[in-house]
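First the structure, in the form of structure tokens, and then the observations on it.
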Amino acid sequence: MSANKAKRDLLSLQDLTSEEVLYLFELTEFLKKDKNQQTHHIQGHSVGLLFQKPSNRTRVSFEVGIAQLGGNCIYLGPEEINLGKRESVPDVAKTLSRYLSAIVARTNTHKDLIELGKQAAVPVINGLSDLFHPCQALADLFSIKEKFGKLQGLTLGFIGDGNNVSHSLLLGCAKVGMNMKMATPKNYEPDPEIFKIAQGLAKETGAKLTVTKTPEEAAKGADVIYADVWVSMGQEKEEKKRLEDFNGYQINKELVKHANKDYIFMHCLPAHRGQEVTEDVIDNDRSIIFDQAENRMHVQKAVLVFLLNKRS
Ligand code: CP
Ligand code: NVA
């Protein structure tokens, strides 16, 4: 079977226009409110979750969301498919395309995800790679919009690693006209190529994106203070060095004093209290971490409805 030309993937937020991002938020709002009428939207579709790394939120929110939309879900854990080892990526993609309507993949490398997308005849959705986490950033932006009633002109201060989550936030903020100030230690800056792409997008919406070494600068005047772990999945061997390098980048009571008075705290989770964030910040009433986690499900339902309806 040759690749289905009509199919769309969501490997990075570059795959969506600004208008599509805003449309997805409208669809999300509708699906979140309309609890009784959503059971048929992807009826008859089976979606595979092909995961090379562990997960709580991504797996559970997709599984429950798919069930709520009337679809069927098959979880394929790290030992099941053994992507690229037991079987080549193209063979996995082509085989799964004969059974499934869409593949949600959490891969070790973004390269494998691109190959999956290229070879699969069905939509491939990034459930986290080493470079991007688009479903997370979509849920985050939707959550911010819920809290502030808008996105354009707000400022997100990200303190931490220039990694998958912050890369997707850079692209997402640029697309919706939100400013993003990042503070990272030396050598943990975002990928220069991704930053350049985000800056190109930001020019079109008026968003300002900056990277600094100083956490206080990133927190200053921010509406949102955002954290990710210092040691991501797959980086466990670098733990000791990372904990040393990120010393001074903790989000604590003193740091959030630089943010706007009505700031909100966000974290993609899982969190390590006492490392990237203190308990008094993550567990107080300015923190919206569980709204974010819940919204993963609502946004991903919108993504599924959108991508599956795009197929012929
Ligand atoms: N935020 C997130 O993707 O969480 P999981 O790794 O638990 O899926
Ligand atoms: N940066 C983290 C995000 C987890 C959702 C990781 O890749 O482990």
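The values are calculated or read from the model by the stated rules, or taken from the named source; none is laboratory data. Nothing here was measured: the structure is a model prediction, and the numbers come from that model. Glycine also receives a Cβ, built like all others from the backbone with ideal geometry; neighbour counts cover every protein chain displayed. For accessibility, only protein heavy atoms count, side chains too; no ligands or nucleic acids. Shrake-Rupley method; radii C 1.70, N 1.55, O 1.52, S 1.80 Å.
Selection of first residues in region 247-269 that are under 13 Å from P215 (Cα atoms) and part of a loop (DSSP other than H, G, I, E, B) and of second residues that are basic (K, R) and at pLDDT 95 or above, restricted to Cβ pairs under 6 Å at least 6 apart or on distinct chains, gives the following pairs, ordered by first then second residue: H258/K220. Scanning region 57-74 for residues that are away from ligand 1 (no atom under 16 Å from the Cβ), polar (S, T, N, Q) and over 17 Å from L27 (Cα atoms) gives a single hit, N72.
So that you can scan it fast, the table gives a plain yes or no per residue for (1) surrounded by 14 or more Cβ atoms within 10 Å (Cβ to Cβ); (2) in a loop (DSSP other than H, G, I, E, B); (3) not aliphatic (A, V, I, L, M):
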position: I197; (1), (2), (3): yes, no, no
position: A218; (1), (2), (3): yes, no, no
position: A222; (1), (2), (3): yes, yes, no
position: Y226; (1), (2), (3): yes, no, yes
position: M233; (1), (2), (3): yes, yes, no
position: E239; (1), (2), (3): no, no, yes
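Do we have F265 as farther than 30 Å from K32 by Cα and open to solvent by less than 10 Å² (accessible area, probe 1.4 Å) here?
Working: farther than 30 Å from K32 by Cα: no; open to solvent by less than 10 Å² (accessible area, probe 1.4 Å): yes.
Spelling it out, it is not the case that F265 is farther than 30 Å from K32 by Cα and open to solvent by less than 10 Å² (accessible area, probe 1.4 Å).
The residues on offer are M233, M266, M297, and the sole one that is at pLDDT 95 or above, out of contact with any helix residue (DSSP H, G or I) (no Cβ under 9 Å at 6 or more places or on another chain) and within 16 Å of ligand 2 (Cβ to nearest atom) is M233.
Among the residues of region 45-68, write down those that are modelled with pLDDT under 95 and either touching an Asp or Glu at 6+ places or on another chain (Cβ under 7 Å) or part of a loop (DSSP other than H, G, I, E, B) (or both). Those that are modelled with pLDDT under 95 and either touching an Asp or Glu at 6+ places or on another chain (Cβ under 7 Å) or part of a loop (DSSP other than H, G, I, E, B) (or both): none in region 45-68.
The requirement of being at negative phi, open to solvent by less than 70 Å² (accessible area, probe 1.4 Å) and among the acidic types (D, E) is fulfilled nowhere in region 249-262; no residue meets it. Checked against the criterion of being farther than 22 Å from S61 by Cα, within 16 Å of ligand 2 (Cβ to nearest atom) and modelled with pLDDT of 95 or more, the candidates D112, D130 yield just one match: D112.
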